[in-house]
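For reference, the structure is listed below as structure tokens.
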Amino acid sequence: MMNDLNEFYTHHGKPTDCIQPSEDQSHAYTGLLPDALIKQWRETGWCNVGDGFIWLVDPDPFHPILRYWIEEEDAFVFARTGFGNLFVYRNKSIGFLNVHFGQFTTFPVDFITLFNQVMIDPEFINDVLDKKLFDVARQKLGTLESDECYSFNPALALGGDKQEKHLIKVKMLPQLLILSQVHG
């Protein structure tokens, strides 16, 4: 069977470290998240793509922390980057939360288009997702575990610089909570 995210996987590599959600977990989000996303979960699960560059994730662990960033109850994280930036589904639209700068951008695309077109665009990959810096971080700090992300010390919001010498590897959820407090 051909996967709906075939172009994305061709560009970034096959999914690894996959955790298959239970039928109850998938069913809990039916009607709240796009059908194409639920279908993807059933095919590949929550997984890592591109050696930790992009992760399809279980929204549950992110839900309490996302409330600090976005007040709506019907906002759900469905993917994240190696830098802990979050892809969010809310109000039937897809957004990107850059946690380091506290910026939320909405994409006028559906789930499949986001992955198969936007997330394989070289300019988006390098300018928005920081692929080159991600590769430097992975080389310098090692591969990420599913509960980790790369960040900066000091935080960019506190005047840190987006440079190799400031890269650190941290536990992701506590870091997201700290950054939400920094951004207010």
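Rule-based calculations on the coordinates, nothing more; no lab input. Computed from a predicted structure; not experimentally measured. Positions of Cβ are generated from backbone atoms using ideal geometry, with glycine treated the same way; all protein chains shown enter the neighbour counts.
Net charge near F115, counting Lys/Arg +1 and Asp/Glu -1 over other residues with Cβ under 10 Å of its Cβ? Kindly include the intermediate steps, with their values, before the conclusion.
Working: positive: none; negative: D4, E7, D110.
Summing Lys/Arg as +1 and Asp/Glu as -1 gives -3.
Averaging over every viewing direction, what projected area does the convex hull of the Cα atoms of the chain cover, in nm²? Spell out each step's value before the answer.
Details: hull surface 39.0 nm².
Taking a quarter of the hull surface, the average projection is 9.8 nm².
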Item to complete: Hey, for a label at K132 modelled as a point 7 Å past Cα toward Cβ, could you say which residues of the range 95-123 have their backbone N under 17 Å away?
Response: 121-123
Item to complete: May I ask you to evaluate 6.51 cos²θ - 1.76 cosθ + 1.60, the Karplus curve with θ = phi - 60°, for each residue of the range 106-123 and list the ³J(HN,Hα) values in order in whole Hz, giving x for glycine and proline?
Response: 9, 9, x, 9, 8, 4, 5, 5, 4, 6, 7, 10, 5, 7, 10, 6, x, 5
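Please give the contour-minus-distance gain from Q20 to L177: 0.36 nm per residue of separation, less the Cα-Cα distance, rounded to one decimal in nm. Provide the component values of the computation, followed by the final result.
Numbers: separation 157, 0.36 × 157 = 56.52 nm, distance 2.65 nm.
Taking Q20 through L177 to full extension adds about 53.9 nm, to one decimal.
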Practice prompt. For the range 53-61, take each phi angle, set θ = phi - 60°, evaluate the Karplus expression 6.51 cos²θ - 1.76 cosθ + 1.60, and give the result in whole Hz per residue in order, putting x for glycine and proline.
Written response: 5, 10, 10, 7, 10, 6, x, 3, x
Worksheet, complete the sentence: Pairs over 19 Å Cα to Cα, from K39/K92; K140/K171; K39/K131; K14/K165; K140/K165, come to K39/K131; K14/K165
Worksheet item: Based on DSSP, what percent of beta bridges with both residues in the chain are antiparallel, to the nearest 5?
Response: 95 percent
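Using a/c under 1.5 as the rounded threshold, could you call the range 139-184 rounded, prolate or oblate? The axes a ≥ b ≥ c are square roots of the C-alpha gyration tensor eigenvalues, and prolate needs a/b larger than b/c, oblate otherwise.
Values: a/c = 3.90, a/b = 1.19, b/c = 3.28.
Since a/c reaches 1.5 but b/c is at least a/b, the shape of the range 139-184 is classed as oblate.
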Worksheet entry | trypsin sites (Lys or Arg not before Pro) within the range 78-130, DSSP loop, no more than 15 other Cβ atoms inside 10 Å | K92
Practice prompt. Could you go through the range 26-42 in sequence order and give the Karplus-derived ³J(HN,Hα) for each residue, using 6.51 cos²θ - 1.76 cosθ + 1.60 with θ = phi - 60°, rounded to whole Hz, and x for Gly and Pro?
Written response: 5, 5, 4, 9, 4, x, 9, 10, x, 4, 5, 5, 4, 4, 4, 4, 5
Practice prompt. Before rounding to the nearest 500, sum -39500 (n - 2.57) across all DSSP H runs of length at least 4 in the chain and divide by the residue total; then give [θ] at 222 nm in deg cm²/dmol.
Written response: -9000 deg cm²/dmol
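Determine the gain in length on full extension of the stretch S93-K39; use 0.36 nm per residue of separation and subtract their C-alpha separation, reporting nm with one decimal.
Values: separation 54, 0.36 × 54 = 19.44 nm, distance 1.77 nm.
Gain on stretching S93 to K39: 17.7 nm.
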Worksheet item: For the range 33-65 and the range 153-182, what is the separation of their C-alpha centers, rounded to whole Å?
Response: 23 Å
